[in-house]
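Notes for the one structure printed next.
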Amino acid sequence: MSFLIPCPNCGNRSVYEYRFGGELKQRPEATASAALWHEYSFNKVNRAGEQTEWWFHRAGCKQWIQASRNTVTNEVRKSWIAGEDPA
């Protein structure tokens, strides 16, 4: 079974065309404590199941996208250009 990520610009593409950017998390305020920045930078949820993630389409359109992926099956439910409405 192939691991495909649907690029909103290029269509279904192999995961090997992308660079994984990590799970989507809320960034702390600039004035947040060092402990909050440490938590944001180094601790991951790494949940089994649906998770929203960052992906960079390095071998395609060079866009950052966000994707809703099942981390157990690698099925990508939907993807969208970062900053756009995922609907």
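Here, each number is a calculation from the coordinates, and none is a lab measurement. If you're wondering where the values come from, they're calculated on a predicted model, not measured in any experiment. Every residue, glycine among them, receives a Cβ derived from its backbone with ideal geometry; neighbour counts consider all protein chains shown.
Structure summary
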| quantity | calculated |
| --- | --- |
| Partners for LYS78 among lysines (Cα-Cα distance below 20 Å; same-chain residues under 8 apart left out) | LYS25, LYS62 |
| Fraction of alpha-carbon pairs over 14 Å apart in the range 2-53 - percent | 65 |
| Among SER41, SER33, SER14: highest mean-square fluctuation, GNM of the chain, C-alpha pairs under 10 Å | SER33 |
| The chain, relative contact order in percent, only Cα pairs under 8 angstrom and at least six apart counted | 29 |
| Most fluctuating residue given options THR31, THR73, THR52, as computed from a GNM of the chain linking Cα atoms under 10 Å | THR31 |
| Local electrostatic count at ASN70 - Lys and Arg +1, Asp and Glu -1, tallied over other residues with Cβ under 12 Å | +1 |
| Pairwise label distance in nanometres, THR71 with PHE56, each label 7 Å out on the Cα-Cβ vector | 2.1 |
| Pairs of alpha carbons in the chain whose separation is greater than 17 Å (percent) | 51 |
| Around PHE56: net Lys/Arg minus Asp/Glu count, Cβ-Cβ under 9 Å | +3 |
| Two-site FRET efficiency, PHE42 against SER14, from Cβ-Cβ distance with R₀ of 30 Å, rounded to 0.05 | 0.55 |
| Least to most buried among PHE20, PHE3 (fewest other Cβ within 10 Å first) | PHE20, PHE3 |
| Residues with amide H under 5 Å from that of LYS78, placed H, sequence gap 5 or more | SER68 |
